[in-house]
4 protein chains.
Amino acid sequence: MLSKAERTRQYIVEKTAPVFNERGYAGTSINDLTEATGLSKGSIYGNFENKDEVALAAFDYNFGQIIHYLKSEMTTRETIIEKLLVYPDTYRNFLELPFLKAGCPVLNTSTEADDTHPLLREKAANALAFWKSSVERLIQKGIELGEIKPDTNAPAFAVVLMSLVEGAVMQAKVTRQVEPLQVSMDYLSRIIRELGA
Amino acid sequence: MLSKAERTRQYIVEKTAPVFNERGYAGTSINDLTEATGLSKGSIYGNFENKDEVALAAFDYNFGQIIHYLKSEMTTRETIIEKLLVYPDTYRNFLELPFLKAGCPVLNTSTEADDTHPLLREKAANALAFWKSSVERLIQKGIELGEIKPDTNAPAFAVVLMSLVEGAVMQAKVTRQVEPLQVSMDYLSRIIRELGA
Amino acid sequence: MLSKAERTRQYIVEKTAPVFNERGYAGTSINDLTEATGLSKGSIYGNFENKDEVALAAFDYNFGQIIHYLKSEMTTRETIIEKLLVYPDTYRNFLELPFLKAGCPVLNTSTEADDTHPLLREKAANALAFWKSSVERLIQKGIELGEIKPDTNAPAFAVVLMSLVEGAVMQAKVTRQVEPLQVSMDYLSRIIRELGA
Amino acid sequence: MLSKAERTRQYIVEKTAPVFNERGYAGTSINDLTEATGLSKGSIYGNFENKDEVALAAFDYNFGQIIHYLKSEMTTRETIIEKLLVYPDTYRNFLELPFLKAGCPVLNTSTEADDTHPLLREKAANALAFWKSSVERLIQKGIELGEIKPDTNAPAFAVVLMSLVEGAVMQAKVTRQVEPLQVSMDYLSRIIRELGA
DNA sequence: CATGAATGAGTTTTCATTCAT
DNA sequence: TATGAATGAAAACTCATTCAT
């Protein structure tokens with residue numbers, strides 16, 4: 001069971017993670033955190049060293065939410081191709097997923113932190129690396145199972161998949177139109193299906 | 001010829017645009033602007049209403065730089081396909097282009113501003129719309145000239161192109177590796193070439 | 001025998017007294033007290049009304065340590081002159097005495113509290129008065145015993161002794177050199193010996 | 001002529017120096033500084049890097065005031081002995097001298113900073129060194145002029161003088177009685193006169 | 001038009017203290 | 001009595017903006 005402190009920490013992270021994703025690190029103030037949690041400043045600082053630590057934990061939480069969602073969706077699918085299709089299927093409707101409403105945290109954090117916040121940058125880079133190897137592993141397995149063409153370049157496909165997803169999310173968020181998303185996810189779905197042996 | 005005021009405005013924009021692109025709107029302070037320009041705060045405020053106005057002008061400048069570069073590159077190319085290849089050729093080396101070193105301003109501004117800064121958001125959205133229709137027009141012309149397959153879906157291709165570019169830039173920036181960029185731009189080059197009739 | 005509560009109080013005082021002496025009242029936080037004691041904030045506040053009360057008790061403890069040391073040293077000495085020489089002999093090596101390592105608490109508390117903390121100020125003033133009358137009594141006894149010249153001005157000598165000690169401690173502490181201390185204590189030893197009848 | 005900034009800096013130092021001397025570094029807040037000056041926090045920070053910098057400048061100012069006063073008093077005196085007597089004459093009435101009302105800044109700063117504030121500690125140590133060599137030089141000159149016994153140990157006398165002054169100031173401040181001061185300064189005057197050849 | 005000192009609201013963080021467990 | 005999470009006031013410091021010169 002979680003201690004009181006661990007529960008509060010968890011609570012703070014859950015309540016503030018969407019705020020960080022929406023407003024960014026520099027755009028989120030400690031006041032925003034107290035408003036989101038209903039807790040006092042002292043309480044935030046009683047449970048976290050500083051704003052950085054909250055932001056880093058919030059990123060982990062946000063990314064964890066996505067991972068968890070994708071994983072659980074994949075378990076409902078039978079074939080590798082269908083599992084890979086979870087990506088376009090998920091991001092196609094990202095605006096309706098509460099943890100993606102404000103956009104993909106990997107994208108948001110990457111663009112903000114790359115030149116300004118080394119620790120967040122590293123978290124985002126690690127998240128991308130994790131994502132990439134997850135896709136690669138799926139493809140590898142598909143090849144082994146004879147589902148996917150054996151000459152498929154897994155690392156390259158992973159990168160293209162991620163580019164398409166993040167580039168489309170960015171366009172959809174800022175234009176407030178679903179078209180770029182649908183178009184890109186349709187395209188991604190098609191090239192995933194074309195992996196089939 | 002430009003008036004004194006217009007020249008100072010222009011000077012401020014030129015000097016501060018890279019700063020805004022690197023640190024973002026919330027991450028850039030007026031002090032950063034005085035340091036970048038060597039001018040006083042009073043001078044910044046004598047030439048711009050407020051920080052917003054500088055940021056908006058800086059975005060226009062940053063985007064204009066890209067447009068200008070792409071256009072001039074395209075004029076050196078003969079065929080439409082080759083002109084389209086300017087996109088991957090340019091972004092493949094974006095870290096070496098001074099106005100793209102800190103990443104694509106459209107990407108950076110979009111992810112920061114989408115939920116926080118309506119005016120910047122609109123600028124970014126317009127930039128994307130402009131980019132999209134530029135690509136569409138090129139493809140259209142390619143079709144008319146018989147260079148590109150007539151059944152090409154121009155709007156869809158434009159969106160995919162932009163997704164690939166921005167998604168790849170994001171990955172390259174945050175991981176500090178060129179691989180995702182090369183892979184994505186190789187892929188983009190290939191599908192551009194495959195447009196050929 | 002001491003009750004549990006009294007023992008905890010005593011424990012807190014012993015552990016925090018050196019901290020107060022080193023960092024001063026304003027420079028010592030409750031956190032410093034929990035670190036020094038290994039106890040919780042609640043425990044500090046369960047045994048003391050507030051920070052003030054701990055500080056006052058800590059001063060008493062610090063001063064008591066000095067008194068106790070001086071007294072026990074004096075009992076090993078036979079003559080009054082030799083007993084008086086305990087002062088220079090003790091302070092000459094004050095950096096090696098654990099309860100004086102951070103300087104004389106009377107000096108430290110006096111200079112911090114004189115204009116800012118009435119209760120601490122009074123404690124320090126009382127300590128000085130006690131010290132003074134101790135020296136006076138010794139001299140008086142020396143006169144009665146025929147050891148010390150009968151025309152000696154005991155109150156004046158006491159004040160001069162204290163000035164020399166405290167002034168020298170201050171110089172030694174801040175310059176981190178022993179020379180001022182040795183010089184002043186040599187001088188004090190000499191004038192003490194000159195009291196001899 | 002002083003620039004506006006230099007005048008404001010000077011003004012802040014003048015107004016806050018007595019506050020720092022009275023309440024100490026840790027006991028003085030930025031709010032205290034705005035109240036003492038009538039200026040805003042922004043103005044304090046516009047003219048000084050941080051609280052440290054104000055405190056260091058305030059110490060220099062406070063010490064400078066003493067030096068200036070002592071020097072100007074000495075110029076009114078003819079003999080070296082009389083010049084040396086400026087010390088007891090000055091400190092005997094220190095409570096009436098505006099820049100010494102809250103006690104000697106060297107004493108106050110030394111006892112607060114010795115274990116807590118390296119920069120202030122160094123300033124105080126340098127002030128003591130300066131004071132010491134000033135006294136030594138005077139004695140040296142007295143010896144050269146035949147006014148002072150040639151076998152006088154100048155460094156030792158300087159240390160004793162400083163000990164007597166600072167130890168007496170401490171006692172007078174905290175007990176709020178002039179007696180310790182008068183007694184110590186009487187004693188100091190006597191031993192200064194005894195330097196006479 | 002340019003300067004830069006000044007402002008006051010806002011930022012992040014620390015503090016002494018309380019109180020439910 | 002002991003704990004340590006929670007509090008709210010205050011700390012140090014920053015920021016966008018103004019305005020007298």
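Annotated for chain C: lysine pairs at least 8 residues apart or interchain, Cα distance under 21 Å, count 23. Remark: the range D:188-193, residue by residue, has Karplus-estimated 3J(HN,Hα) of 4, 4, 4, 6, 5, 4 Hz, where x stands for each Gly or Pro and the curve is 6.51 cos²θ - 1.76 cosθ + 1.60 at θ = phi - 60°. Within the shell defined by Cβ-Cβ distances under 10 Å, the residues around C:F94 carry a net charge of +2, with Lys and Arg each +1 and Asp and Glu each -1. Relative to the dominant Cα principal axis of chain B, helix B:4-23 is inclined by about 70°.
Taking amide hydrogens as placed 1.01 Å from N in the peptide plane, the amide H of C:I148 sits under 5 Å from those of C:I143, C:A197, each at least 5 positions away in sequence or on another chain. Relative to the longest principal axis of the Cα atoms of chain A, the long axis of helix A:51-75 makes an angle of roughly 30 degrees.
Other chains near D:18-27: what is the mean number of their Cβ atoms within 10 Å of each residue's Cβ? Can you show the working numbers first?
Details: counts 0, 0, 0, 1, 3, 4, 9, 3, 7, 9.
Rounded to a whole number, the mean comes out at 4.
Each residue of the protein assembly as shown gets 234 Å³ once the volume of the Cα convex hull is shared out per residue. With its label point defined 7 Å out from Cα along the Cα-to-Cβ axis, D:A5 lies at 2.8, 4.6, 6.0 nm from the matching points of the other copies, in increasing order.
Mean-square fluctuations from a GNM of chain D, with a 10 angstrom spring cutoff on Cα atoms, peak among D:Y187, D:Y91, D:Y61 at D:Y187. Counting neighbouring Cβ atoms within 10 Å and putting the fewest first, the residues D:S40, D:S110, D:S134 line up as D:S40, D:S134, D:S110.
Partner shielding of A:117-124 amounts to 2, given as the average count of beta-carbon atoms from other chains within 10 Å of each residue beta-carbon.
What order do you get for A:T28, D:T116, B:T111 when you list them from fewest to most C-beta neighbours inside 10 Å?
Details: A:T28 22, D:T116 16, B:T111 29.
The most exposed by this proxy come first: D:T116, A:T28, B:T111.
Projecting the Cα atoms of C:A125, C:G64, C:M162 onto the charge dipole of the range C:52-193 (Cβ charges, centred on the Cα centre) puts C:M162 farthest toward the positive pole. In chain B, the beta-carbon sitting nearest the axis that superposes B on C belongs to the residue given here with its distance in angstrom, B:S29, 16. Per-residue 3J(HN,Hα) values for the range A:165-177, derived from phi via the Karplus relation 6.51 cos²θ - 1.76 cosθ + 1.60 with θ = phi - 60°, read 4, 5, x, 6, 4, 4, 4, 5, 4, 7, 8, 6, 10 Hz in sequence order (x marks Gly and Pro).
Looking at the range A:83-177, I'd like the Rg to Rh ratio, where Rg is from alpha-carbon atoms and Rh is Kirkwood's inverse mean 1/r.
On the way: Rg = 14.7 Å, Rh = 14.4 Å.
Using only Cα positions, Rg/Rh for the range A:83-177 is 1.02.
Backbone geometry of the range D:35-45 corresponds, through the Karplus equation with coefficients 6.51, -1.76 and 1.60 at θ = phi - 60°, to 3J(HN,Hα) couplings of 5, 5, 9, x, 9, 7, 4, x, 6, 4, 6 Hz, x marking Gly and Pro.
Specify the longest stretch of chain D that does not include any exposed loop site, a site being one of the trypsin sites (Lys or Arg not before Pro) with a non-H, G, I, E, B DSSP assignment and at most 16 other Cβ atoms within 10 Å. Display every interim value, and only then the final one.
On the way: sites that count: D:R77, D:K101, D:R176.
My reading of the result: D:1-76 is the longest stretch.
Averaged over peptide B:178-186, the number of partner chain Cβ atoms lying within 10 Å of each residue's Cβ comes to 4. If only the Cβ of Lys and Arg carry +1 and only the Cβ of Asp and Glu carry -1, the dipole of the protein assembly as shown around its Cα centre is close to 200 debye. Only helices enter the 222 nm calculation for chain A: every DSSP H run of n ≥ 4 contributes -39,500 (n - 2.57), and dividing by all residues gives -24000 deg cm²/dmol, rounded to 500. Taking label points 7 Å from Cα along the Cα-to-Cβ direction, A:R77 and C:D32 give a separation of 6.1 nm. For label points placed 7 Å from Cα toward Cβ, what is the shortest-first list of nm distances from B:N50 to its copies? So the label point of B:N50 gives 2.9, 3.1, 4.3 nm to the other copies. Summary for D:T116: label point 7 Å along Cα→Cβ; distances to the equivalent points in the other copies, ascending, 0.6, 3.7, 3.8 nm. Other residues lying with their Cβ under 14 Å from the Cβ of A:Q177 contribute a combined charge of +2, Lys and Arg counting +1, Asp and Glu -1.
Read-outs throughout are calculated quantities, based only on the coordinates presented, and are distinct from any laboratory measurement. Note that the structure is predicted; figures quoted are calculated from it, not measured. Neighbour counts are summed over all protein chains in view; Cβ atoms, including those assigned to glycine, are modelled from backbone coordinates with ideal geometry.
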